[in-house]
Amino acid sequence: ALFAEEPGEPEARSHALALLDRGCDLVAYLCDVPAEIRARPRLAAGCADGRGADCAKLGSILANSASPLSDPAEALRLLALACERAAHEACQEAAMLAFEPPQPDPARAARQAELWLSTACNAGRSGACEMLARRLLEGNGLPQDRPRGYALLARACERGDHDLCEQLDDVAARDPEPPLLTADSRF
């Protein structure tokens, strides 16, 4: 409560930070909050200097609804910037935020989220591949495109994601649309 009331830059709110530090002394998991607040200026400067990893870290902090720094709109902007700067770990988080309402233009947000998920998937991030595939299969936030969704799952499987291989095998037992997988050590 004091953090929200105290004026000035977040890292200069000394009374609130002192209380957060006391909380850290009592419970270890609370130590992240004051550390993130103090890291904000450094991360913001690094992001402004073009470091995608700093944009990704700051975006993740701002995306956390439990953080006193929570700012979903700015988090989305920073995570998108990080994704575009090849910090592919930020792409999936940016997409998740883009799918959350309220978005001023949901159709545009969905197209952008699809691009971010595709970027991360093409960079080998299996979580992004799975998220994109499932949204395409279900038509959840994106226009349904089952062949493309199944192809993404098959490609992730071929790259060695055995959990997705098993899921695709299970689906193929009930649905004729998924592609047949090449026999490998699982058979």
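The values are calculated or read from the model by the stated rules, or taken from the named source; none is laboratory data. Only a predicted model underlies this, so the values are computations on that prediction, with no experimental measurement involved. Virtual Cβ from ideal backbone geometry, glycine too; neighbours counted across all protein chains shown. All accessible areas refer to the heavy atoms of the entire protein, side chains included, with ligands and DNA or RNA removed. Shrake-Rupley method; radii C 1.70, N 1.55, O 1.52, S 1.80 Å.
Here are the numbers for the structure shown:
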read-out	value
Cα-based convex hull, the range 90-131, per residue volume (Å³, whole number)	50
The range 1-71 - percent of accessible surface contributed by carbon and sulfur, probe 1.4 Å	56
Accessible area (Å², per residue) of the chain, counting only protein heavy atoms and a probe of 1.4 Å	55
Stretch in the chain that is longest and holds no trypsin sites (Lys or Arg not before Pro) that DSSP places in a loop and that have at most 16 other beta carbons within 10 Å	52-158
In Å, descending, principal axis extents of the Cα set of the chain	63, 37, 30
Cα pair distances exceeding 14 angstrom across the range 26-68, given as percent	47
